[in-house]
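Student: Mind looking over this structure? Questions follow.
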Amino acid sequence: MSQPTEPAPSPDGAALHGPVARLLRPLVRLLVQRGITFPALTNLLRELYVNVAEYDFALPGKEQTDSRVSLLTGIHRKEVRRLRGAGAPVSQVPATVSRTSRIIARWVAAPEFTDGQGRPLPLPRSADDAAPSFESLVAGVTKDVRPRAVLDEWLDRGLVVLDPEGRVRLLEAAYLPKGGAEPQLYYFGRNLHDHIAAAAENVTAPSPRFFERAVHYDGLSDGLAGRLEARAREIAMGALKEANAEAHAACAEDAGGRHRWNFGIYIYREEVPARDSGAGPESDAAEGSAP
């Protein structure tokens, strides 16, 4: 049986080549650094192509066939048959990531655990009355792990410290998973997935559905770029804390369901080779619309 002819790129598909190459470049750099070779990536992409075609491009009321998956992906039917049936991808949140993020989210959002400026309070390990404590903080999120075990883990990871009065203080490091550790790699995949998913939806939809905008200036000095980065961090952290506080309060009255929501912010700067530098500063907001 002959290899199926790979579908020719549509005009829209051809227009994506340049943006996709730019998008993938930092990812390829990371893969090379981590020893993931091109053949290994090819195997992963082959599996993903088949999985996406099988589950995301199924026709309503019709069973997806090997032939149609082969036509959509350009992958031989024999390979399609071998790779199909793995099941729709499910994103599993590591238990420690889920537990830690939920406890921290409560600590920085719940009024009983924050001061008048919305900053997380230092907490005694326990309290005899209804006063806020680290024990009550953890117990309000999970009963599966003892608060002392969480405290020991967080002290070891540098997320909290004990002050001279023996109270537990949340450190800024709690917001920043260690490089290459499981929590960081989980959010690496989740955050980039959601950003790309939002951008892809905006490209394919008749009008942009998701809010996706940026402010960017070129031709800056190193000093100004550094100051803008520092200021952007302050603005971004304030926005994240405000969004978290509102979401935390709203969840207390929500009946629950199958939806999820993500509000993310990124900041980036780099030194551009002289030949690529712009003639001067410019500002532009990427196309998008409020959700």
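Each value in this text was obtained by applying a stated rule to the coordinates, not by laboratory testing. This one's a predicted model, so the numbers in the text were calculated from it and none came from an experiment. Cβ: placed from backbone, ideal geometry, glycine included. Neighbour counts: every protein chain shown.
Student: Short version: ³J(HN,Hα) in whole Hz for each residue of segment 242-254, in order, from phi by Karplus 6.51 cos²θ - 1.76 cosθ + 1.60 (θ = phi - 60°), x for Gly and Pro, what are they?
Tutor: 5, 5, 5, 4, 5, 5, 4, 5, 5, 5, 5, 10, 8
Student: Still on this structure, I have one more. Cα to Cα, under 13 Å, and not fewer than 8 places away if on the same chain: which aspartates and glutamates meet these conditions relative to LYS143?
Tutor: GLU135
Student: Here's another thing I want to ask about it. For segment 177-258, report the % of Cα-Cα distances exceeding 17 Å. Numbers along the way, then the final one.
Tutor: On the way: 2402 of 3321 pairs.
Tail of the P(r) past 17 Å holds 72 percent of the pairs.
Student: Could you give the nm distance between label points at GLU253 and PHE188, where each point is 7 Å from its Cα heading toward the beta carbon?
Tutor: Roughly 4.1 nm, to one decimal.
Student: Counting pairwise Cα distances across segment 10-65, what percent come out greater than 19 angstrom? List each step's numbers first, then the result.
Tutor: Details: 811 of 1540 pairs.
The share of Cα pairs beyond 19 Å in segment 10-65 comes to 53 percent.
Student: Then there's this: Counting other beta carbons within 10 Å of each residue's own, what order do ARG260, ARG125 fall into, fewest first?
Tutor: Least crowded to most crowded, the residues run ARG260, ARG125.
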